[in-house]
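Right, one structure below, let's go through it.
Only the coordinates and a few stated rules stand behind these numbers; no lab work does. As the structure is a computational prediction, the values presented were derived from the model and not from experiment. Using ideal geometry, Cβ is built from the backbone for each residue, glycine included, and neighbour counts are taken over all protein chains shown.
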Amino acid sequence: MVQAYILVQTEVGKAAAVASEIGGLPGVVSAEDVTGPYDVIVRAEADDVDELGRLVVARVQNVNGITRTLTCPVVKLG
């Protein structure tokens, strides 16, 4: 299992709608509105890196109102 945080920037005023829509996607564990340089932080999981990539590119990035995403895979150190 691969887990990642997806940091999302949205158009002005779209963060709540984007978080709500992303939160309903398969593979998304949570989607939270936040303050700071990103507007939404998503926790996602997939069986492998390829599936994670498909989730981000084919589903998350197609949500209306998103301007940019940054995917941060979770790693286990030590």
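Things to note:
- Tallying residues that are under 15 Å from Val74 (Cβ atoms), assigned to a strand (DSSP E or B) and touching a Leu at 6+ places or on another chain (Cβ under 9 Å) within the range 6-64 yields 8.
- Number of positions in the range 10-50 that are surrounded by 16 or more Cβ atoms within 10 Å (Cβ to Cβ) and of a type in the set (Ser, Thr, Tyr): 2
- Residue in the range 67-76 that is buried (at least 17 other Cβ atoms within 10 Å of the Cβ), of a type in the set (A, V, I, L, M) and outside any strand (DSSP E or B) present: no
- Only one of the listed residues (Glu45, Glu51, Glu21) is in contact with a strand residue (DSSP E or B) (Cβ under 7 Å, 6 or more places away or on another chain) and either among the charged types (D, E, K, R) or farther than 19 Å from Val2 by Cα (or both). That residue is Glu45.
- Filtered residues of the range 7-24 (kept if more than 18 Å from Leu70 (Cβ to Cβ) and of a type in the set (Asp, Glu)): Glu21
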